[in-house]
Amino acid sequence: MAYAAFDLTGRRALVTGATRGIGRAIAEALGAAGATVLVNGRNPAGVDLTVAALRALGIAAEPLAFDVTDAAAAEAAIAGAGRIDILVNNAGIQHRAPAVEFPDDAWDAIIDSHLTSVFRLIKRVAPQMLARRSGKIINLGSLLSELGRANIPAYGAAKGGVRMLTRCLATEFAPHNVQVNAIGPGYVRTEMNTALIENTGFNAWVCARTPAGRWAEPEEIAGAAVFLASDAASYVTGQILYVDGGVTASL
Ligand code: NDP
C-alpha cells in the first residue's frame, strides 16, 4: 500500500530549469508521484524535448518556456499557465572567478537568476495559492546557503539570500497554509559542474570532503522535493533540507 500523503495526483507543479540536471530529476519525480508538470527552461526546443521524454514515461507534462530573469516574460507565462499548486525555483547559472576579477555583469546575472527572479516568480504565483489557502514553494539552496567558498561570491550571496527569503516568506505565508522550504544539495553530477567533475584535484576534494565519499546523482535530490511538495510536509515550513551526503554535518 502506498503512503497517501506523498500522492501528488491532481496537483500542478511548475519546475523552473527542468530541461536537465536537478530540475529534470525533480520534474520526473513529481510527475511519477502524480503531479502534472509544467516544464520550464529558456530554450523552447529543449523544453519540448523534455516534455516529450516525460510523456513517454507516462507523466502528464506541459511546456512553459521562458527566461526566469525576464520579468515580463515570466509574468505572461504565469498568467497563461492556469493553476499552480507547487512552484519549484530551480533555474540558475554559475560563474567562477576570484572576487577582485569577478565581472560586474556576471554578478548581476547570477543574483538575478538565483535570487531576484525567485522572488519575482513567487510574487506572481503566490496570490493564487494564498487565495486557495493551499500551496507549496520549494527553492533550490546550496551548501553555499550555509558555507563559504572561494571564487563563487555571487553564487554564495544569492544562495545565502535564498535561505533567508525562504524563511521570510515561510513566516508570511504560514497563516495561509502555504509552505515555503528550500533544498540544499551537496555536489551533484550535472552540466553546471562539468568542469569541476573533470578536474581531478577538485573531484578528489569533493570525495574527501563529503562523508558519503562521492558526488550525488540528480535523482538523489528529487525525493526531498516530492516530500516538501506533498501533504506529508504540511507542517514543515521555512526549512532548508540539506541533501549533501553529510557535508554540513561534518568539518
Ligand atoms: P544545470 O546547469 O544542469 O541546469 C540548469 C537548468 O536551468 C537548465 O534546465 C537550464 O536550461 C535552466 N536555466 C538556466 N538559466 C535559466 C533562466 N534564466 N531561465 C530559465 N531556465 C534557466 O544546473 P543544476 O541542475 O546543476 O542546478 C539546478 C539548481 O540546483 C540550481 O539552482 C543550482 O544552483 C542548484 N544546485 C546545484 C548543485 C550541483 O552540484 N549541481 C548544488 C547545489 C545547488 P536552459 O539553459 O535551456 O535555459
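The values are calculated or read from the model by the stated rules, or taken from the named source; none is laboratory data. What you are looking at is a predicted structure, and each value in this text was computed from that prediction instead of being measured. Here the Cβ positions follow ideal geometry from the backbone for every residue, glycine too, while neighbour counts run over all protein chains shown.
Of note:
- Every residue from the stretch 183-234 that is part of a loop (DSSP other than H, G, I, E, B) and either buried (at least 18 other Cβ atoms within 10 Å of the Cβ) or within 21 Å of the chain's Cα centre (by Cα) (or both): G186, Y187, R189, T190, T210, W215, E217, P218, S230, S234
- Filtering L38, L14, L30 for residues that are within 16 Å of the ligand (Cβ to nearest atom), closer than 19 Å to H114 by Cβ and crowded, with 20+ Cβ neighbours inside 10 Å leaves a single hit, L14.
- In the stretch 125-141, the residue that is nearest to A233 (Cα to Cα) out of those that are assigned to a helix (DSSP H, G or I) and not aliphatic (A, V, I, L, M) is R132.
- Residue check, T19 touching a helix residue (DSSP H, G or I) at 6+ places or on another chain (Cβ under 9 Å), of a type outside the set (A, V, I, L, M, F, W, C), at pLDDT 95 or above and near the ligand (Cβ under 9 Å from one of its atoms): yes
- For the stretch 68-84, taking the residues that are within 13 Å of the ligand (Cβ to nearest atom) and of a type outside the set (A, V, I, L, M), the one that is nearest to the chain's Cα centre (by Cα) is identified as T69.
- Hey, L54 surrounded by 17 or more Cβ atoms within 10 Å (Cβ to Cβ), aliphatic (A, V, I, L, M) and within 29 Å of N177 (Cα to Cα) or not: no
- The residue of the stretch 10-36 that is farthest from L121 (Cα to Cα), among those that are of a type in the set (D, E, K, R) and assigned to a loop (DSSP other than H, G, I, E, B), is R20.
- Taken over the stretch 69-85, the criterion of being charged (D, E, K, R) and either closer than 23 Å to I22 by Cβ or crowded, with 16+ Cβ neighbours inside 10 Å (or both) is satisfied by D70, D85.
- Residue within the stretch 116-132 that is within 16 Å of the ligand (Cβ to nearest atom) and farther than 20 Å from V178 by Cβ present: yes
Conditions tested, residue by residue: (1) surrounded by 21 or more Cβ atoms within 10 Å (Cβ to Cβ); (2) not in a helix (DSSP H, G or I).
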position	(1), (2)
I59	yes, yes
D67	no, yes
L87	yes, yes
Q94	no, yes
V100	no, no
D108	no, no
S117	yes, no
R120	no, no
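- Qualifying residue in the stretch 50-57 (condition: free of Cβ contacts under 8 Å to residues at least 12 places away in the same chain, of a type outside the set (D, E, K, R) and at positive phi): no
- Filter result for A225 (within 12 Å of the ligand (Cβ to nearest atom), over 30 Å from E101 (Cβ atoms) and in contact (Cβ under 8 Å) with a residue 60 or more places away in the chain): yes
- Among residues of the stretch 145-164 being surrounded by fewer than 21 Cβ atoms within 10 Å (Cβ to Cβ) and aliphatic (A, V, I, L, M), the one that is nearest to A27 (Cα to Cα) is M164.
- The set of residues in the stretch 142-167 being closer than 25 Å to A126 by Cβ and part of a loop (DSSP other than H, G, I, E, B) consists of S142 alone.
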